[in-house]
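The values are calculated or read from the model by the stated rules, or taken from the named source; none is laboratory data. Not measured: the values here are computed from a predicted model. Every residue, glycine among them, receives a Cβ derived from its backbone with ideal geometry; neighbour counts consider all protein chains shown. To get the accessible areas, we keep the full protein, side chains included, count just its heavy atoms, and leave off ligands, DNA and RNA. Shrake-Rupley method; radii C 1.70, N 1.55, O 1.52, S 1.80 Å.
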Amino acid sequence: MKLEKLLRGIDLKKIIGAMDVEITSVQFDSRKVENGSLFIATRGTAADGHQFIPAAIEKGAVAVVCEEIPAETVAGVTYVEVDDSADALGNIASAWFDFPSSKLTLVGVTGTNGKTTIATLLYKMFRHLGYGAGLLSTVCNYVNDDAVEATHTTPDALELNGLLAKMADAGCDYAFMEVSSHSVDQRRIAGLDFNGAIFTNITRDHIDYHLTFENYLKAKKRFFDDLPAGAFALTNLDDKNGMVMLQNTSARKYTYSLRGMADFRTKILEHGFDGMLLNMNGREVNVTFIGKFNASNLTAVYGAAVLLGQDQTEVLRILSMLTSVSGRFETLRAPQGYTAIVDYAHTPDALNNVISTINQILGEDGRLITVVGCGGNRDKGKRPMMAREAVDGSWKAILTSDNPRFEEPQEILNDMLAGLDLAQKSRSLTIVDRREAIKTACSLAHEGDVVLVAGKGHEDYQIIQGVKHHFDDREEVRKCF
């Protein structure tokens, strides 16, 4: 493709060299550059791509997009200066794959919790409705029924557009994707044509990256600010920042709620460990999901499906058939008579939601035993908060390793223990080895009790000193059974 075609619609500050040069590939990683490549120098958190411009040219790059043209240029290479290389990368990636998002009805889901559940259930819903559909999520990506391994909540711009192109080529009508705050901030979604956006909630998370909660909130909001007028914006009215998302958007505005008047409103009529009976906009439906947070997620799914033009009765019928997403409040029944629940809850708010839900359903004699840890090389501020949530809501809390990454597991546990007073510490155990922690929790459980294993959910690995080891909470629980 010609360079000038790739750059169409992008605000160019300065050009040195020819614009009719033929481009054979687009790269932002200099190690992947080959003869004929366009290299885009982006500024990342770990490295600045501008440092690798000489290496990219040496490997055969014929054009460079950057925010600052080098003092010394190479003859025969085209240099293009832009305000924001990351934003340009998103738009160029879209053009390179022939604007795949414009060939799909694309809906993004953002928020701290619930993204995976809502995006996955919408994908399953539209497959049940008979449509071709794709999914981009933390757990797994799908092109119709073909699974593609997921490495990030939202892939980089090139991978993202490549996946959307596969969906369009495979005849998908719809695509549903999680939109992380990182992807908005790093402009990975630049150039995508969204038909709808859903906001779930926002609580403390990723402060290690965004530094402040305000920055985190702004990243989520920017997704809505950038929506086109023809799209829909569906927000959770029960979150205090829900309406903030709609303040500056040009999209059509809608709300959903469990508590107040909204366009899509749900009441929980009955609940147990087998599911809930819900009233959605005046109509009753039985679902296999548990908890207020899932009732909220299902309301968002219902609202989005209706806004996408689907029949309300058919949407409710399929909602009653859907099952929980892998590692999200996944319920396992022990032969010994207790229940184990594996959940991805890895923020204080998510953990509180799960624990509160379990305690609402537990019988008078039932006890909750919670296993939880915190990830290494991530926001340290939430560690004491996670420990308090676990201890305050449980009969016994077992603090253990999550993904320690490059930190010492005991140091992470010390940070968690710092949030507990003497009385709280007396209701907790500290077991560094996650496998032993799960074994201990299951050995403490009696008939009617619940063991909650929180933090890793669908993950089938543990990262220790930067190395991935196979580890699946669900497998460990089943071994205990």
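It is to be established whether one or more residues within segment 265-279 are part of a strand (DSSP E or B) and at positive phi. So that I can check it myself, show each step before the final result.
Our first condition is that a residue be part of a strand (DSSP E or B); within segment 265-279, this holds for 265-272, 275-279.
From what is left, the residues that are at positive phi are 275.
The answer is yes, given that some residue of segment 265-279 is part of a strand (DSSP E or B) and at positive phi.
I'm checking my understanding of the structure. Among residues of segment 21-36 that are among the hydroxyl-bearing types (Ser, Thr, Tyr) and under 31 Å from the mean Cα position of the chain (by Cα), which one is surrounded by the most Cβ atoms within 10 Å (Cβ to Cβ)?
Taking segment 21-36 and keeping what is among the hydroxyl-bearing types (Ser, Thr, Tyr), we get 24-25, 30.
The next check asks that each one be under 31 Å from the mean Cα position of the chain (by Cα); those that pass are 25, 30.
Values: Ser25: 17, Ser30: 21.
Ranking the candidates gives Ser30 first.
To keep it simple, each residue is scored yes or no on (1) over 34 Å from the mean Cα position of the chain (by Cα); (2) within 27 Å of Leu122 (Cβ to Cβ); (3) outside any loop (DSSP other than H, G, I, E, B).
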position: Phe52; (1), (2), (3): no, no, yes
position: Gly60; (1), (2), (3): yes, no, no
position: Glu68; (1), (2), (3): no, no, no
position: Gly76; (1), (2), (3): yes, no, no
position: Gly90; (1), (2), (3): no, yes, yes
position: Val109; (1), (2), (3): no, yes, yes
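Could you go through segment 213-225 and let me know if any residue there is in a loop (DSSP other than H, G, I, E, B) and either surrounded by fewer than 21 Cβ atoms within 10 Å (Cβ to Cβ) or of a type outside the set (Ser, Thr, Tyr) (or both). So that I can check it myself, show each step before the final result.
Step one: filter segment 213-225 for residues in a loop (DSSP other than H, G, I, E, B), giving none.
Looking for residues that are in a loop (DSSP other than H, G, I, E, B) and either surrounded by fewer than 21 Cβ atoms within 10 Å (Cβ to Cβ) or of a type outside the set (Ser, Thr, Tyr) (or both), one finds none in segment 213-225, hence no.
Looking at (1) modelled with pLDDT under 95; (2) surrounded by fewer than 15 Cβ atoms within 10 Å (Cβ to Cβ); (3) within 23 Å of Asp11 (Cβ to Cβ), which is the only condition Asp87 fails?
Only one criterion in (1) modelled with pLDDT under 95; (2) surrounded by fewer than 15 Cβ atoms within 10 Å (Cβ to Cβ); (3) within 23 Å of Asp11 (Cβ to Cβ) is unmet by Asp87, namely (2).
Filter segment 164-194 down to the residues that are open to solvent by 10 Å² or more (accessible area, probe 1.4 Å) and in a helix (DSSP H, G or I), then identify the one that is farthest from Thr112 (Cα to Cα).
So the residue we want is Asp169.
For segment 103-112, does any single residue satisfy the condition of being at pLDDT 95 or above, surrounded by fewer than 23 Cβ atoms within 10 Å (Cβ to Cβ) and not hydrophobic (A, V, I, L, M, F, W, C)?
Looking for residues that are at pLDDT 95 or above, surrounded by fewer than 23 Cβ atoms within 10 Å (Cβ to Cβ) and not hydrophobic (A, V, I, L, M, F, W, C), one finds at least one in segment 103-112, hence yes.
For Thr347, work out the one condition from (1) of a type in the set (S, T, N, Q); (2) open to solvent by 50 Å² or more (accessible area, probe 1.4 Å); (3) under 22 Å from the mean Cα position of the chain (by Cα) it doesn't fulfil.
(2)
Going through segment 33-50 one residue at a time, which ones are farther than 24 Å from Val184 by Cα and of a type outside the set (A, V, I, L, M, F, W, C)? Outline the logic, then answer.
First, the residues of segment 33-50 that are farther than 24 Å from Val184 by Cα: 33-37.
If the condition is that a residue be farther than 24 Å from Val184 by Cα and of a type outside the set (A, V, I, L, M, F, W, C), then Glu34, Asn35, Gly36, Ser37 are the ones that fit.
When the residues of segment 401-460 are narrowed to those that are hydrophobic (A, V, I, L, M, F, W, C) and in a strand (DSSP E or B), which ends up nearest to Asn359 (Cα to Cα)?
Residues of segment 401-460 that are hydrophobic (A, V, I, L, M, F, W, C), as a first pass: 406, 412-413, 416-418, 420, 422-423, 429, 431-432, 437-438, 441-442, 444-445, 450-454.
Next, only the ones that are in a strand (DSSP E or B) stay: 429, 450-454.
Values: Leu429: 20, Val450: 9, Val451: 12, Leu452: 11, Val453: 15, Ala454: 15 Å.
By that ranking, first place goes to Val450.
Condition first: open to solvent by 10 Å² or more (accessible area, probe 1.4 Å) and not in a helix (DSSP H, G or I). Can you find one or more residues in segment 292-307 that meet it?
no
How many residues does segment 356-367 contain that are of a type in the set (A, V, I, L, M, F, W, C) and either free of Cβ contacts under 8 Å to residues at least 24 places away in the same chain or open to solvent by 10 Å² or more (accessible area, probe 1.4 Å) (or both)? Before the answer, list the steps.
The first filter runs over segment 356-367 and keeps only residues of a type in the set (A, V, I, L, M, F, W, C), leaving 358, 361-362.
With the extra rule that they be either free of Cβ contacts under 8 Å to residues at least 24 places away in the same chain or open to solvent by 10 Å² or more (accessible area, probe 1.4 Å) (or both), the set shrinks to 361-362.
Final tally of qualifying residues: 2.
Would you mind telling me which numbered condition in (1) open to solvent by less than 50 Å² (accessible area, probe 1.4 Å); (2) touching a helix residue (DSSP H, G or I) at 6+ places or on another chain (Cβ under 6 Å); (3) of a type in the set (Val, Ile, Thr) Ile57 fails?
The single condition Ile57 does not satisfy is (2).
Which of the residues that make up segment 359-372 are at pLDDT 95 or above and in a loop (DSSP other than H, G, I, E, B)? Show your work before the answer.
To start, the set of residues in segment 359-372 that are at pLDDT 95 or above comprises 367-372.
Answer for segment 359-372, where residues must be at pLDDT 95 or above and in a loop (DSSP other than H, G, I, E, B): just Arg367.
Which one is nearest to Phe39 (Cα to Cα) among residues in segment 5-20 that are outside any loop (DSSP other than H, G, I, E, B) and open to solvent by less than 90 Å² (accessible area, probe 1.4 Å)?
Leu6
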